[in-house]
């Protein structure tokens, strides 16, 4: 068949209109937790989260409408490094850094287990609507390698 007559699938990936990062699609549960009614009216119900820590945009939609991280009711990781990395259970960067410096993985393992449990409400509580396990592991490994390089 001639490729001129074959339709390519539509892309379902949106990119941040400010920084160009690949957005992480979020659902209405996440948006309801982080945005006011007025802010939810500014973006489509199928919005995306911009994961870039250096970008000021938190949520955006395919029409390039956006809500900035500074406009959110509460700080979110990775936009604000002081915000909990794990929104469900409150694990912070400071705690991860401390554990990496001590060579202890207990808290990291506990969070990974908790993220798999019914008590985790990542779709609602995490700014990107996903479990924190990838962030937690990445941060721990970063601090662990940083500590190894310093010694």
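The values are calculated or read from the model by the stated rules, or taken from the named source; none is laboratory data. Quick caveat, the model's predicted, so the values are computed rather than measured. Using ideal geometry, Cβ is built from the backbone for each residue, glycine included, and neighbour counts are taken over all protein chains shown.
Picking from residues in segment 48-68 that are without any contact (Cβ under 8 Å) to a residue 60 or more places away in the chain and not in a loop (DSSP other than H, G, I, E, B), the one that is surrounded by the fewest Cβ atoms within 10 Å (Cβ to Cβ) is 68. If you check residue 145 against the conditions, is it at pLDDT below 95, out of contact with any strand residue (DSSP E or B) (no Cβ under 7 Å at 6 or more places or on another chain) and either closer than 23 Å to residue 27 by Cβ or part of a helix (DSSP H, G or I) (or both)? Yes, satisfied.
Take segment 69-82 and flag every residue that is without any contact (Cβ under 8 Å) to a residue 24 or more places away in the chain and assigned to a loop (DSSP other than H, G, I, E, B).
75, 80, 82
Each row is one residue, and each column tells you yes or no for (1) under 14 Å from the mean Cα position of the chain (by Cα); (2) modelled with pLDDT of 95 or more; (3) within 25 Å of residue 131 (Cβ to Cβ).
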{"position": "1", "(1), (2), (3)": "no, no, no"}
{"position": "48", "(1), (2), (3)": "yes, yes, yes"}
{"position": "70", "(1), (2), (3)": "no, yes, no"}
{"position": "73", "(1), (2), (3)": "no, no, yes"}
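Scanning segment 100-140 for residues being in contact (Cβ under 8 Å) with a residue 40 or more places away in the chain, over 26 Å from residue 69 (Cα atoms) and under 22 Å from the mean Cα position of the chain (by Cα) gives a total of 1.
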